[in-house]
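J.: Take this structure, written in structure tokens, and hold onto it; I'll ask about it next.
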Amino acid sequence: MKHEMSNWRGFIERNKLLENREYVKYVLGVDVPLNESIPLTPELSRKILQEQLLFEGFFSTVIQKVG
């Protein structure tokens with residue numbers, strides 16, 4: 001049960017990230033379509049998630065070096 005809840009939290013966090021178009025555009029630097037009625041393609045979703053992982057990895061490395 002704990003594993004399923006962890007997966008569910010990951011799914012929710014992923015959806016929050018994909019829905020936050022300003023964060024995706026201005027922080028991650030990924031251009032998204034202007035029309036919000038068009039769903040994100042699987043390729044674009046993958047790119048957004050990949051950029052987020054790189055972003056998280058960069059800051060965790062910086063924190064380790066400073067800390």
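J.: Considering only the stretch 4-17, I want to know if a residue exists there that is in a loop (DSSP other than H, G, I, E, B) and modelled with pLDDT under 90.
T.: No, every residue in the stretch 4-17 fails to be in a loop (DSSP other than H, G, I, E, B) and modelled with pLDDT under 90.
J.: Say we look at the stretch 18-61 and pick out the residues that are among the charged types (D, E, K, R) and open to solvent by less than 70 Å² (accessible area, probe 1.4 Å); which of these is modelled with the highest pLDDT?
T.: Glu51
J.: Considering only the stretch 28-61, how many residues are among the charged types (D, E, K, R) and either part of a loop (DSSP other than H, G, I, E, B) or in contact with a strand residue (DSSP E or B) (Cβ under 9 Å, 6 or more places away or on another chain) (or both)?
T.: Residues in the stretch 28-61 being among the charged types (D, E, K, R) and either part of a loop (DSSP other than H, G, I, E, B) or in contact with a strand residue (DSSP E or B) (Cβ under 9 Å, 6 or more places away or on another chain) (or both): 2 in total.
J.: Please verify whether Gln64 is surrounded by 14 or more Cβ atoms within 10 Å (Cβ to Cβ) and part of a helix (DSSP H, G or I), treating the condition exactly as stated.
T.: no
J.: Are there any pairs, at least 6 apart or on different chains, whose C-beta atoms fall under 8 Å, with the first in the stretch 49-61 and touching a residue at least 12 places away in the same chain (Cβ under 8 Å) and the second open to solvent by 50 Å² or more (accessible area, probe 1.4 Å), and if so, which?
T.: Close Cβ pairs satisfying both conditions: Leu49/Arg14; Glu51/Gly29; Phe55/Val27.
The values are calculated or read from the model by the stated rules, or taken from the named source; none is laboratory data. Bear in mind the structure is a predicted one, so any value in this text is a computation, not a measurement. We place every Cβ from the backbone using ideal geometry, glycine too, and count neighbours over all the protein chains shown. In case anyone asks, the SASA skips ligands and DNA or RNA and just uses the protein heavy atoms, side chains included. Shrake-Rupley method; radii C 1.70, N 1.55, O 1.52, S 1.80 Å.
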